[in-house]
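Working notes, beginning with the structure itself.
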Amino acid sequence: LLTEAKLFHFSPAKILVSTVGIPEAMLRCVRRFPQVNLALSLHSVDQAIREQLIPVAKKFPLDQLQSTLRQANDLQGKPVMIEYLLLAGVNDSVAAAQELVHWLSGLDVHVNLIPYNPIEDAPHLTGTDRVGRDRFAGILKQAGVSTTIRYSLGADIAAACGQLVRKENRAQAMAQ
């Protein structure tokens, strides 16, 4: 519908579909819409850590996701974005960066490192500080992995990515 001329008429190249990593759906998307950009919320290449952060990851092992990314690269002929939320002491170590480099080897990807925006529902999680984010990005870049660090706005008023929708959902649930 977003690409329909009578509706929004967006160029498929301007659309990014982000997924937690459901292989069959990812491949169905790139086959049906090869010009649409694909993003995978990866957040860790350690299966146990990934399952803590993304519970559905229990159904889809990392080797299956890696194979899916290779297929998406072949089908689309362009990079897949890898979204990686940096969490202090969870997935931001030098070793984690090196493991990510190794896991991405041979894939056509662009890594988008995402600073964590704290939410009330997860007070145990803390975002990686600027020095840590820069160190992590530096390891990836030195290995030749295309990498950016997302700049986040709105965290000071709980309106950054991931914060506002949770607060709105909580307010709706309480009203019912």
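The values are calculated or read from the model by the stated rules, or taken from the named source; none is laboratory data. Keep in mind the model is a prediction, meaning the values are calculated, not measured. Don't worry about glycine lacking a Cβ; one is built from the backbone with ideal geometry, like all the others, and counts go over all protein chains shown. When the accessible area is computed, the model is the full protein with side chains, heavy atoms only, and any ligands, DNA or RNA have been set aside. Shrake-Rupley method; radii C 1.70, N 1.55, O 1.52, S 1.80 Å.
Identify, please: which residue in region 53-76 is under 23 Å from Leu125 (Cα atoms) and surrounded by fewer than 16 Cβ atoms within 10 Å (Cβ to Cβ) and is, among those, farthest from the chain's Cα centre (by Cα)?
Lys58
Can you confirm whether Leu27 is more than 25 Å from Gly144 (Cβ to Cβ), aliphatic (A, V, I, L, M) and in a helix (DSSP H, G or I)?
Criteria met by Leu27.
Looking at region 1-20, which of its residues are over 30 Å from Arg133 (Cα atoms) and either open to solvent by 60 Å² or more (accessible area, probe 1.4 Å) or under 12 Å from the mean Cα position of the chain (by Cα) (or both)?
First, the residues of region 1-20 that are over 30 Å from Arg133 (Cα atoms): 1-12.
Leu1, Leu2, Glu4, Ala5, Lys6, Leu7, Phe8, His9, Phe10, listed by residue number.
So, in region 21-52, how many residues would count as being closer than 26 Å to Val90 by Cβ and either loosely packed, with under 12 Cβ neighbours inside 10 Å or at pLDDT below 95 (or both)?
Of the residues in region 21-52, 2 are closer than 26 Å to Val90 by Cβ and either loosely packed, with under 12 Cβ neighbours inside 10 Å or at pLDDT below 95 (or both).
Has region 83-102 got any residue that is open to solvent by less than 40 Å² (accessible area, probe 1.4 Å) and without any contact (Cβ under 8 Å) to a residue 40 or more places away in the chain?
no
Looking at Gly106, Gly89, which is the one that is under 27 Å from Leu125 (Cα atoms), of a type outside the set (Asp, Glu) and out of contact with any helix residue (DSSP H, G or I) (no Cβ under 7 Å at 6 or more places or on another chain)?
Only one candidate qualifies: Gly89.
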